[in-house]
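S.K.: Below is the structure I would like to discuss, written out as structure tokens.
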């Protein structure tokens with residue numbers, strides 16, 4: 001089987017061929033850390049995690065870079081509005097970098113619980129201001145950029161392939177049709193590489209063009225080029241990044257290096273809420289933390305990877321209930337295999353091998369997680385049918401294969417050992433005696449430990 005991925009650049013599935021055999025360089029657009037991670041963002045990062053996990057499982061050496069944006073992302077994705085970090089920091093009466101630190105800690109807590117592997121490198125934009133200025137200077141010297149009153153813009157008319165990713169036709173674009181006309185720009189589509197900071201602006205740096213801060217688009221180019229080189233194997237991000245952010249990334253990166261920026265562009269679809277795109281700016285979102293607290297991390301993770309990454313899905317109670325029930329079926333199968341006392345001689349090797357073939361076939365087709373999960377659920381169903389007929393070794397191997405394939409999708413199954421009724425009664429009597437002798441600390445310890453495994457004791 002051959003891995004095929006849908007390349008946004010060509011609008012078709014292509015055979016995946018990394019530049020170096022079995023070594024893959026991936027850059028994925030990360031979080032602008034001014035607010036907590038919402039469930040739509042979590043879906044995107046879960047999908048990229050599945051891709052990284054699958055490639056590693058198939059023997060690839062994957063180097064994954066995903067950034068944190070902590071400056072330059074304005075409330076308008078073009079070159080207008082306030083800096084999202086600075087605006088939120090003012091509202092919360094925090095230093096901008098204090099807000100950033102808090103939000104990054106929250107981000108890691110959420111993604112760690114969702115079992116999303118941390119990237120090899122998670123660079124922050126503010127750590128790369130010097131490199132950004134160097135790249136901008138290079139573009140100016142080559143005639144791709146120009147400075148006006150402390151602002152530096154990329155001249156899109158100089159880059160012939162501008163807009164190719166989004167299938168934009170510059171000759172058909174009318175000034176003011178989408179972007180407000182800025183008299184400082186030579187062309188309406190020109191975008192800011194460096195922005196002059198107003199006097200009261202907090203986040204600003206000295207530069208050859210005066211005090212200012214970087215434009216949003218230049219950040220990803222600099223961090224990708226620094227850690228992965230001029231050409232990426234895969235660049236991943238949300239579908240909303242195609243017409244502006246990624247188009248601009250390509251222009252400035254290829255103008256700088258003279259080489260193709262990324263060979264494969266992968267874009268994930270939105271997760272909607274009540275039929276509308278989740279948006280922090282509109283307040284139409286559910287935080288990942290609230291979702292985890294309500295349904296548990298693994299139920300959320302299973303729900304997020306149950307749909308194909310390019311398919312738009314709606315977040316709702318039914319979706320979560322389905323994921324919860326599926327997870328319970330997986331747990332029940334594992335409990336049944338562990339508690340099984342009667343065994344036969346039936347080997348499950350053929351069934352196990354057939355499942356892995358189906359799983360790989362699904363994932364090789366542009367990482368089709370719904371079909372991959374279907375192959376796992378089919379194996380679980382067959383395992384349950386084989387209880388009492390299959391050998392002990394066969395059942396355990398089948399169970400382990402289920403856990404292995406689920407692990408490729410980032411699903412971690414934990415089954416707590418049940419405590420026998422006799423043990424509970426003994427501990428309860430011991431605790432009663434401890435209370436009578438006023439050894440309350442030890443008595444409370446027993447009650448606490450029992451509650452951790454789902455046993456609640458009440459004194460009446």
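The values are calculated or read from the model by the stated rules, or taken from the named source; none is laboratory data. Here the structure is a predicted model, which is why all the values come from computation and not from measurement. Glycine gets a Cβ as well: all are built from the backbone with ideal geometry, and neighbour counts include every protein chain shown.
S.K.: Going by the conditions given, is residue 52 closer than 24 Å to residue 307 by Cα and touching a strand residue (DSSP E or B) at 6+ places or on another chain (Cβ under 8 Å)?
M.R.: Yes: the conditions hold for residue 52.
S.K.: Looking at (1) in contact (Cβ under 8 Å) with a residue 24 or more places away in the chain; (2) under 26 Å from residue 202 (Cβ atoms); (3) more than 23 Å from the chain's Cα centre (by Cα), which one does residue 74 not meet, given that it meets all the others?
M.R.: Evaluating residue 74 over (1) in contact (Cβ under 8 Å) with a residue 24 or more places away in the chain; (2) under 26 Å from residue 202 (Cβ atoms); (3) more than 23 Å from the chain's Cα centre (by Cα) leaves (3) as the failure.
Condition check ((1) in the same structural domain as residue 44 (by TED's automatic domain parsing); (2) at pLDDT below 95; (3) farther than 23 Å from residue 24 by Cβ) across all residues:
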| site | (1), (2), (3) |
| --- | --- |
| 252 | yes, no, yes |
| 260 | yes, no, no |
| 283 | no, yes, yes |
| 289 | no, no, yes |
| 292 | no, no, yes |
| 298 | no, no, yes |
| 307 | no, no, yes |
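S.K.: Let me ask something additional. Could you go through the stretch 178-190 and let me know if any residue there is assigned to a loop (DSSP other than H, G, I, E, B), surrounded by 12 or more Cβ atoms within 10 Å (Cβ to Cβ), at positive phi and modelled with pLDDT of 90 or more.
M.R.: Scanning the stretch 178-190, I find no residue that is assigned to a loop (DSSP other than H, G, I, E, B), surrounded by 12 or more Cβ atoms within 10 Å (Cβ to Cβ), at positive phi and modelled with pLDDT of 90 or more, so the answer is no.
S.K.: Still on this model: Is it the case that residue 359 is surrounded by 20 or more Cβ atoms within 10 Å (Cβ to Cβ) and at positive phi?
M.R.: It is false that residue 359 is surrounded by 20 or more Cβ atoms within 10 Å (Cβ to Cβ) and at positive phi.
S.K.: Taking residue 327, is it within 25 Å of residue 52 (Cα to Cα), part of a helix (DSSP H, G or I) and more than 20 Å from the chain's Cα centre (by Cα)?
M.R.: It is true that residue 327 is within 25 Å of residue 52 (Cα to Cα), part of a helix (DSSP H, G or I) and more than 20 Å from the chain's Cα centre (by Cα).
S.K.: State whether the residues of the stretch 56-67 include one that is in a helix (DSSP H, G or I) and either in the same structural domain as residue 188 (by TED's automatic domain parsing) or closer than 27 Å to residue 273 by Cα (or both).
M.R.: Checked against the condition, which is being in a helix (DSSP H, G or I) and either in the same structural domain as residue 188 (by TED's automatic domain parsing) or closer than 27 Å to residue 273 by Cα (or both), the stretch 56-67 yields at least one hit.
S.K.: When you scan the stretch 306-324, how many residues do you find that are in a helix (DSSP H, G or I) and touching a strand residue (DSSP E or B) at 6+ places or on another chain (Cβ under 9 Å)?
M.R.: 1
S.K.: Among what's in the stretch 413-447 and is within 30 Å of residue 386 (Cα to Cα) and touching a helix residue (DSSP H, G or I) at 6+ places or on another chain (Cβ under 6 Å), pick the residue that is surrounded by the fewest Cβ atoms within 10 Å (Cβ to Cβ).
M.R.: Restricting to residues being within 30 Å of residue 386 (Cα to Cα) and touching a helix residue (DSSP H, G or I) at 6+ places or on another chain (Cβ under 6 Å), the top hit is 415.
S.K.: Let me ask another. Just to be sure before I move on: is residue 76 modelled with pLDDT under 95, closer than 26 Å to residue 235 by Cα and touching a helix residue (DSSP H, G or I) at 6+ places or on another chain (Cβ under 7 Å) in the structure I sent?
M.R.: Taking the combined requirement at face value, the residue does not satisfy it.
S.K.: Does residue 333 satisfy the criteria of being assigned to a helix (DSSP H, G or I), at negative phi, crowded, with 18+ Cβ neighbours inside 10 Å and in the same structural domain as residue 383 (by TED's automatic domain parsing)?
M.R.: Criteria met by residue 333.
Condition check ((1) buried (at least 21 other Cβ atoms within 10 Å of the Cβ); (2) assigned by TED's automatic domain parsing to the domain that holds residue 222; (3) more than 31 Å from the chain's Cα centre (by Cα); (4) not in a strand (DSSP E or B)) across all residues:
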{"site": "112", "(1), (2), (3), (4)": "no, yes, no, yes"}
{"site": "119", "(1), (2), (3), (4)": "yes, yes, no, yes"}
{"site": "131", "(1), (2), (3), (4)": "no, yes, no, yes"}
{"site": "136", "(1), (2), (3), (4)": "yes, yes, no, yes"}
{"site": "140", "(1), (2), (3), (4)": "no, yes, yes, yes"}
{"site": "146", "(1), (2), (3), (4)": "no, yes, yes, no"}
{"site": "166", "(1), (2), (3), (4)": "no, yes, no, yes"}
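S.K.: Spot the failing condition for residue 385; the list is (1) farther than 30 Å from residue 236 by Cα; (2) at pLDDT 90 or above; (3) touching a helix residue (DSSP H, G or I) at 6+ places or on another chain (Cβ under 7 Å), and only one is missed.
M.R.: Just one mismatch for residue 385, condition (3).
S.K.: Moving to a separate point now. How many residues does the stretch 18-37 hold that are part of a loop (DSSP other than H, G, I, E, B) and either touching a residue at least 24 places away in the same chain (Cβ under 8 Å) or not assigned by TED's automatic domain parsing to the domain that holds residue 112 (or both)?
M.R.: Going through the stretch 18-37 one residue at a time, the tally reaches 8.
S.K.: Working only within the stretch 281-305, note down all residues that are outside any helix (DSSP H, G or I), touching a residue at least 60 places away in the same chain (Cβ under 8 Å) and surrounded by fewer than 18 Cβ atoms within 10 Å (Cβ to Cβ).
M.R.: The answer is 281, 286.
S.K.: Could I ask something else about it? Do you know which of the residues in the stretch 241-274 that are part of a loop (DSSP other than H, G, I, E, B) and farther than 26 Å from residue 312 by Cβ is farthest from the chain's Cα centre (by Cα)?
M.R.: Looking at the filtered set, the residue picked out is 258.
S.K.: While we're here: Report, by residue number, each residue of the stretch 226-240 that is in a helix (DSSP H, G or I) and crowded, with 22+ Cβ neighbours inside 10 Å.
M.R.: Selection gives nothing.
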